[in-house]
Amino acid sequence: MSAVTSPLVWEHIEPAAARRLLTGAIDAFAERGFQATTTRDIASRAGMSPAALYVHYPSKERLLFEISLYGHQAALAVLREADEGPSPTERLRGMVSAFTAWHAEHHTIARVVQYELAALSPEHFTEVAAIRRAISRQIEQVLADGVRDGSFSVDDLPGTTLAVLSLSIDVARWYTPHRTKPEDLGALYAELALRMVQA
């Protein structure tokens, strides 16, 4: 099973009550947004009292940070695993396909990870932003390699990197399982990304 389709697991979160609160928070944040979600919403999804949340997490923001950190690390791992192939073209195809499919397969957590960043504390945002920069570097590097060997024509590497990543990331905003299979969407978006950059 690949990193794209494997379920995100939370066994590193102990005890089980803390894990239930975290998964309840994912659902609540994805459905209502961080600001509109109350600690009561989270606790009720975990089958616990609101006071129980503070036994395991000092704040609602800390829950968001744990989700954001793990989600970004998982997304980066998917890109790194897919960065293989004999040419920049094949590497970019594999990376965009995998990154897109991941955002579809895990659209609930991806929606939280990608669209609730502004609610993180400055310290937590800095930590997550470092992972986001690593994600960008993965794509920018393959684009630069393609420019160097003549496969790609890219005048603005940072801007094109952002455009390619945005294709995949936006999937989390609208995706529902009945629309299309994650792997099919990944293949489509990979071809669209290649059309953007091929010489």
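Extension gain for the segment ALA36 to ASP155, taken as residue separation times 0.36 nm less the Cα-Cα distance, is 38.7 nm to one decimal. Simple spin-label estimate for ASP145 and ARG179 gives 2.9 nm between the two label positions (7 Å along the Cα-to-Cβ direction from each Cα).
Computed from Cα atoms, the angle from the helix 157-169 axis to the main principal axis of the chain rounds to 50 degrees. Here the range 91-125 is scanned for amide nitrogen atoms under 12 Å from the site 7 Å beyond the Cα of LEU162 along Cα-to-Cβ, giving none. Per-atom-type breakdown for the range 1-135 gives carbon and sulfur 53% of the accessible area (1.4 Å probe, protein chains only).
Rolling a 1.4 Å probe across the protein heavy atoms gives the range 1-151 an accessible surface of 45 Å² per residue.
Once both labels are positioned 7 Å from their Cα atoms along Cα-to-Cβ, the gap between GLN73 and PHE125 label points is 2.3 nm.
For the chain, the square roots of the Cα gyration tensor eigenvalues, ordered a ≥ b ≥ c, give a/c of at least 1.5 with a/b greater than b/c, which places it in the prolate category. Of the residues ARG195, ARG20, ARG173, the one with the largest accessible area comes first in the ranking ARG195, ARG173, ARG20, computed with a 1.4 Å probe on protein heavy atoms.
Taking the 0 to 90 degree range and rounding to the nearest ten, how far is the long axis of helix 182-197 tilted relative to the main principal axis of the chain, both from C-alpha atoms? Once rounded, the angle reads 50 degrees. The mean sequence separation of alpha-carbon pairs under 8 Å and at least six residues apart, normalised by the residue count of the chain, gives a relative contact order of 25 percent.
The values are calculated or read from the model by the stated rules, or taken from the named source; none is laboratory data. Source: prediction; values computed, not measured. Don't worry about glycine lacking a Cβ; one is built from the backbone with ideal geometry, like all the others, and counts go over all protein chains shown. Note: areas computed on protein heavy atoms with side chains; ligands, DNA, RNA excluded. Shrake-Rupley method; radii C 1.70, N 1.55, O 1.52, S 1.80 Å.
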